[in-house]
Structure formats: C-alpha cells, structure tokens
Amino acid sequence: MRVAAGVDVGSTQTKAVVMAENGGRSILARALVDTGANVRKAAENAFLTACRNAEIPPTEVGFVVGTGYGRYNISFGNAQLTEISCHARGAHFVCPSTRTVIDMGGQDAKAISVGSDGQVLDFVMNDKCAAGTGRFLANAADVMGIGLEEVGPLSLRATRAIKIATVCTVFVESDILSYLAQGKKAEDILGGVHLAIAKRTLSLARRVPIEPDVTMTGGVARNVGMVRALEEVLGSKMQVSPDAHFMGAIGAAVFALEKMDQSFESSMWRPEHASGSGH
Amino acid sequence: MRVVAGIDCGSGFTKAVLVAQNGSPTSSILGKGRAKSGINMEEAAQSALQSALENAGLGRSQVDYVATTGFGRYGVGFRDIQVTEITSGARGAHYLFPGSRCVLDIGGQSTRAMTMSESGKVRTFKTNDKCAAGSGMFIARAAKYLEISIEDVGTLSLQATNPQPISSVCAVLAESEIINHVSAGVSVENILRGIHDSLADRALAMLKRVGMEGEVTFIGGVALQAGIVKALQEKLGAKVNVPPDCDYVCALGAALLGHKRLALKENSASIQEVS
C-alpha cells in the first residue's frame with residue numbers, strides 16, 4: 001500500500017487528506033483546522049492530525065501536494081498545484097461525471113469547466129469582491145447575531161424572500177440592519193441574501209459555461225441555504241458531497257499519488273540513465 | 001432674516017448646518033452639529049439639528065425651512081425639501097471654493113466625483129453605487145482591526161516610511177491582506193498609508209472618468225484624514241482644496257439650496273397675494 005497526502009491551505013481553513021493506493025484509491029483520513037495567522041503551522045497541524053486519524057506515521061507518507069492560497073508556505077510539501085486543478089481533480093475523483101465545479105470558499109468564488117479526465121478546461125474566478133464567499137455569510141451572521149451554521153437552515157424557512165439589490169458585504173450589512181428595524185423576519189432577509197448571492201455567483205459561472213453535472217465544492221457547500229438557492233437559480237440539482245469542503249485536498253492527494261508514481265519511475269530510470277551517459 | 005437648516009443624513013453620521021440669509025445673496029453660517037446615524041434617521045436628524053441650534057444659540061422655532069440630503073434624506077419627516085447629496089455637495093463646495101470645477105466626496109459608505117459649471121450646477125457625476133470599495137468603510141474596518149481610533153488614522157499614515165500596498169478592492173477582503181501585513185511585521189503606519197494610497201488610486205480613477213479639470217475640492221468625512229489628502233495630492237501632482245469642515249459640506253449645500261427654494265416659494269406667494 002502506498003500513501004500520499006494533499007494539504008489545502010485556504011484563507012480561512014486548512015484541510016488535509018491522507019489517501020492510499022492499494023489496487024484502488026481510497027481516502028484514509030481527513031483533518032480540518034483554522035488557518036489563522038500562522039499559515040505554516042496550520043498546514044503542519046492539519047497534516048499531522050490527518051496522519052494521526054489515519055493511524056499512519058507521517059514518515060510513511062510518500063508524497064505531499066500543497067494547494068490553496070497558502071500552498072507555498074507548506075514547509076514539508078513535495079509539490080504545489082493551484083486550487084483550480086485540485087478542485088477539478090477532487091470533484092472528478094468523488095463524482096466522475098462532473099463537468100462544472102462551483103467552488104465557494106472563505107474568500108473567493110470560482111467556476112471551473114472540467115474535462116472527462118478531471119482536467120481543467122476553463123475557469124473564472126472572483127477574488128476582488130467578497131460576495132459569494134464564506135466571509136460574506138460570516139458577516140451576515142454576525143450582523144444578525146446568529147451562528148454561521150444557522151444562516152443556511154434559517155434561510156430555508158423564508159416564505160417571502162426580500163429582494164436584495166446589492167451584493168456588497170458592507171452594503172448588505174446596513175441593508176440587513178434596516179430590514180430588521182422595519183420588523184422583517186430574519187428568515188425572509190436571509191432568503192433574499194442567499195438568492196442575491198446565488199444569482200451573482202451563477203452569472204459569473206455562466207462565463208465558463210455551465211454543463212451538467214455541476215459539483216459544488218468549498219466550505220460554503222455546507223450551507224444548505226446556499227445550495228438550494230443555487231439549485232433554484234440554476235434550475236437543476238447539483239452534486240454536493242459530504243466531502244465538498246475537502247475537495248481541494250482530495251484533488252491534491254490524488255495528484256500526490258500520481259506524482260509519487262512518476263518520481264518512483266524516474267528514480268528507477270536514473271541508474272540506467274547514468275550508465276548510458278557513462279559510455 | 002431667514003434661517004434654513006441643511007441636514008445631511010449619511011451612513012455614518014448625520015450633520016446639520018444652519019445658514020442665515022438676509023435678503024441679499026450673502027449667506028452666513030450660524031452653527032453646526034452632528035449625531036451618529038442609526039436605524040432611526042429622524043432621531044439622528046433631530047439630535048444633529050438640536051446640537052447645531054445650541055452651537056448657534058438659536059431656538060427650534062427660529063428655523064424657517066429644513067432641507068435634507070444624504071442617503072437617509074427621505075427618512076426625516078420634518079423636512080420641507082430633499083436634495084441629492086450630489087447636488088448639495090457641489091453647491092456647498094462651490095460656495096466655499098468658487099473657482100473649483102470638480103468635487104471628490106468620500107463618505108462612510110460612498111465615493112462620488114462630480115464636475116460642475118461656474119455657477120455650481122452639476123454637469124457630470126459618478127458614484128460607487130454597487131459596492132463599498134474606496135469608501136470610508138474600507139478605512140473604518142482596517143482601523144477596527146488594527147485597534148486604533150479613526151481620528152488617529154490620518155496622522156499615523158503621515159508617519160509611514162515604507163507604505164505597503166493593499167491591492168484588494170473589497171473592503172472586507174482587504175482585512176485579510178491587512179492581517180497578513182500585521183503577521184509579517186509591517187508597522188501600522190505603513191499599513192495605513194498603503195490603505196490611503198489604495199483609496200487615492202480609486203478616487204483618481206473616478207475623477208478621470210468624470211472628466212476632471214481645474215481645481216479639485218475634496219469633501220466628506222474621509223477628507224479629514226491628512227494621509228489620504230497627501231496621497232491624493234501626490235498622485236494628482238497638484239494641491240486639492242480641503243475645507244476645514246469638509247464633513248459638513250453637503251449639509252451646507254442643502255441649506256443653501258433650501259434658501260433658494262424658500263425665496264422662490266415666498267416670491268410666488270407674494271405674487272399670488274398681489275394678483
């Protein structure tokens with residue numbers, strides 16, 4: 001059995017996945033930690049926790065691929081890949097019929113067009129604005145004085161979703177306050193907020209363009225309200241795996257197993273190559 | 001003598017200015033006052049007006065007319081008239097700097113640029129209606145995270161030795177960039193000047209889009225910060241006019257426009273009486 005790992009250092013949370021190849025490929029363990037200010041430490045923590053969860057000594061992990069915005073801060077990584085490649089690859093591993101990935105993370109939103117082998121065909125990315133990111137939702141939750149995990153379920157109970165014209169995190173904050181002051185219901189406000197963000201994210205995603213199956217990845221996939229709002233605007237169901245949050249790390253681990261093969265092969269070829277050059 | 005109150009209901013603060021006119025077009029500013037804006041715009045407007053009245057030593061009954069402006073202008077029930085903050089800002093800036101043809105107004109949640117005619121009429125304008133990028137909120141959030149008071153931002157920024165650029169457009173995402181700078185050991189002064197540089201860049205782009213020419217007058221609460229004024233002047237390569245009460249200019253403009261309206265109304269009333 002050969003073991004490799006993927007570490008996805010996101011802006012908000014760092015994810016690690018340990019994967020084994022033994023005939024087929026399977027996920028042995030996952031770990032999730034807050035990224036915080038010390039990116040290097042977060043990567044290390046996530047990796048070691050995943051190893052512990054997998055009951056595999058870290059020294060037996062043959063190859064580690066880092067991804068996410070903090071990927072170059074991973075001191076123990078053997079290679080780095082963009083989160084775009086890793087999300088596409090991870091989504092393809094979990095759901096091979098994936099042709100479009102919608103990734104909503106802590107600080108950015110992306111849409112990726114995926115080929116039949118899990119390769120990236122095209123992508124669009126929004127990293128200029130917090131709309132559609134976890135930060136946006138965390139901010140909305142803060143303003144309403146509720147927990148981030150309550151925002152989605154509460155929005156599902158909306159009966160008359162309020163029309164929200166702006167998706168700017170700062171403007172929505174004051175909008176929410178004035179709607180609350182007008183006596184509007186929290187669920188109707190949140191219903192409107194989720195719908196506005198879904199529309200904006202999909203108008204970005206349509207530039208790739210969107211082909212079925214659509215797989216949603218990233219931490220925001222855990223928000224049931226956002227999933228439903230996206231499906232409503234999209235007019236079709238999406239694939240939302242319980243591992244959606246780990247998709248980047250899963251993709252990185254798949255790449256790590258493949259890279260391990262290559263480095264194994266190249267090390268086998270080296271003596272032959274050396275003797276060849278000796279003639 | 002007629003006294004008109006101009007009340008600017010902004011996203012952060014509500015400002016009131018009392019202006020007197022005595023038949024002739026010369027106006028005099030009697031007093032000013034402000035209050036924090038909240039959910040209830042009417043309440044904030046009342047208390048800003050009250051503080052302006054105390055400042056001027058006048059009673060409420062001495063106010064003949066009330067003109068409101070700013071995003072909460074419709075929320076004030078006791079108003080006689082409301083004008084947009086674009087019109088009032090241009091009018092106020094023109095009163096203070098008659099030679100100015102271009103106004104930059106950066107407030108708590110808004111950025112506006114307008115050009116105006118010789119008489120202070122708005123010709124062209126641009127606003128950030130879609131998002132808070134480039135507005136005072138950008139600075140307010142940074143100050144909150146850095147745990148410094150907003151009043152100190154301007155002077156601290158002037159002490160920067162090696163400004164660190166902030167590339168984010170989004171006021172919310174900029175926070176993470178600031179966190180990175182802090183953990184990399186960048187000084188507060190250098191971070192703040194970086195923020196001011198970034199805002200000045202955005203403001204300049206807006207001024208260019210609006211067709212900036214001649215003297216620029218910089219108004220709004222953010223103009224109180226010396227650091228951004230310096231950054232803007234450096235990028236512009238010219239001095240900009242910053243009135244001492246730069247945050248009261250829209251309220252002043254509203255009061256002046258209120259006077260004009262009041263005079264028209266009284267004129268037409270006297271014509272009706274005659275006929």
Q: Scan segment B:159-169 and give yes if some residue there is in contact with a Phe, Trp or Tyr (Cβ under 9 Å, 6 or more places away or on another chain), touching a residue at least 24 places away in the same chain (Cβ under 8 Å) and either in a helix (DSSP H, G or I) or not assigned by TED's automatic domain parsing to the domain that holds residue B:232 (or both), otherwise no.
A: no
Q. What is the residue count in segment A:169-199 for residues that are at pLDDT below 90 and either of a type in the set (Lys, Arg) or not in a helix (DSSP H, G or I) (or both)?
A. 2
Q: Please indicate, with yes or no, whether at least one residue in segment B:96-108 is surrounded by 20 or more Cβ atoms within 10 Å (Cβ to Cβ) and of a type in the set (Lys, Arg).
A: yes
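So which of A:219, A:145 ends up being touching a His at 6+ places or on another chain (Cβ under 8 Å) and away from chain B (no Cβ under 14 Å)?
Details: A:145 fails: touching a His at 6+ places or on another chain (Cβ under 8 Å).
Every option except A:219 fails the conditions.
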(Q) Quick check on my filter: what residues within segment A:1-55 are closer than 16 Å to residue A:71 by Cβ, crowded, with 16+ Cβ neighbours inside 10 Å and among the basic types (Lys, Arg)? (A) A:15
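Which of the residues belonging to segment A:200-216 are more than 14 Å from chain B (Cβ to nearest Cβ) and in a helix (DSSP H, G or I)? Please lay out each step first, then the result.
Step one: filter segment A:200-216 for residues more than 14 Å from chain B (Cβ to nearest Cβ), giving A:201-202, A:204-216.
Residues satisfying the conditions are A:201, A:202, A:204, A:205.
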Q: Please enumerate the residues belonging to segment A:147-161 that are closer than 25 Å to residue A:126 by Cα and buried (at least 20 other Cβ atoms within 10 Å of the Cβ).
A: A:151, A:152, A:155
Q. Applying the selection to segment A:1-27, what residues are in contact with a Lys or Arg (Cβ under 8 Å, 6 or more places away or on another chain) and of a type in the set (D, E, K, R)?
A. A:8, A:15, A:21
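Quick grid of which residues meet (1) modelled with pLDDT of 85 or more; (2) among the β-branched types (Val, Ile, Thr); (3) part of a loop (DSSP other than H, G, I, E, B); (4) over 18 Å from residue B:225 (Cα atoms):
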position	(1), (2), (3), (4)
B:71	yes, no, yes, yes
B:87	yes, yes, no, yes
B:118	yes, no, yes, yes
B:129	no, no, yes, yes
B:140	yes, no, no, no
B:148	yes, yes, yes, no
B:154	yes, no, no, no
B:172	no, yes, no, yes
B:186	yes, yes, yes, yes
Q: Output the residue which, of all residues in segment B:1-22 that are of a type in the set (S, T, N, Q) and part of a strand (DSSP E or B), is surrounded by the fewest Cβ atoms within 10 Å (Cβ to Cβ).
A: B:21
(Q) Looking only at segment A:148-168, count every residue that is part of a loop (DSSP other than H, G, I, E, B) and more than 10 Å from chain B (Cβ to nearest Cβ) and tell me the total. (A) 8
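The values are calculated or read from the model by the stated rules, or taken from the named source; none is laboratory data. Bear in mind the structure is a predicted one, so any value in this text is a computation, not a measurement. Glycine gets a Cβ as well: all are built from the backbone with ideal geometry, and neighbour counts include every protein chain shown.
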